[in-house]
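Working notes, beginning with the structure itself.
The values are calculated or read from the model by the stated rules, or taken from the named source; none is laboratory data. Just so it is clear, the model here is predicted, and its values are computed rather than measured. Positions of Cβ are generated from backbone atoms using ideal geometry, with glycine treated the same way; all protein chains shown enter the neighbour counts. These accessible areas exclude ligands, DNA and RNA; they are computed on the full protein's heavy atoms, side chains included. Shrake-Rupley method; radii C 1.70, N 1.55, O 1.52, S 1.80 Å.
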Amino acid sequence: QVQLVESGGGLVQAGGSLRLSCAASGRTFSSYAMGWFRQAPGKEREFVAAISWNGDRIYYTDSMKGRFTISRDNVKNTVYLQMNSLKPEDTAVYYCAAQLRSQYSSGLGMDYWGKGTLVTVSS
């Protein structure tokens, strides 16, 4: 079992920044890959970014590359999503998720999900 708790969401103006955190517990954090996803109102959930167990491989959706940065701290059992130059279209509930393998695979589903944190970007 893995428990995931996101934090750091909130209201921010367009052009601003936020850093989301996701604290994990239950299994050895450094053994599995992590990802961030988001779901905007009325839309399907979409992939944002993923990171391998040790951070050596990182993946982003093209539209977020350069604005968002995923990172992890295996001592603190936490994965982060730094979001810069935020746009109103970034408004969504952001979820972190765990994939119980060392390297992230987009062809496989995520094994555990957090409950999400809401990010609202005002224009």
- Message: Looking only at the range 72-116, how many residues end up being within 14 Å of Leu4 (Cβ to Cβ), touching a helix residue (DSSP H, G or I) at 6+ places or on another chain (Cβ under 9 Å) and small (Gly, Ala, Ser)?
- Response: 1
- Note on the structure: Per the filter on the range 71-85, residues touching a Ser or Thr at 6+ places or on another chain (Cβ under 6 Å) and among the charged types (D, E, K, R) are none
- Query: Which residue, of Ala50, Ala33, Ala23, Ala92, is closer than 19 Å to Lys115 by Cα, crowded, with 16+ Cβ neighbours inside 10 Å and either within 9 Å of the chain's Cα centre (by Cα) or among the β-branched types (Val, Ile, Thr) (or both)?
  - Reply: Ala50
- Apart from one, (1) out of contact with any Lys or Arg (no Cβ under 9 Å at 6 or more places or on another chain); (2) free of Cβ contacts under 8 Å to residues at least 24 places away in the same chain all hold for Asn77; the odd one out is (2)
- Tyr60 passes all but one of the listed conditions (1) in contact (Cβ under 8 Å) with a residue 24 or more places away in the chain; (2) within 20 Å of Arg101 (Cβ to Cβ); (3) open to solvent by 20 Å² or more (accessible area, probe 1.4 Å); the exception is number (1)
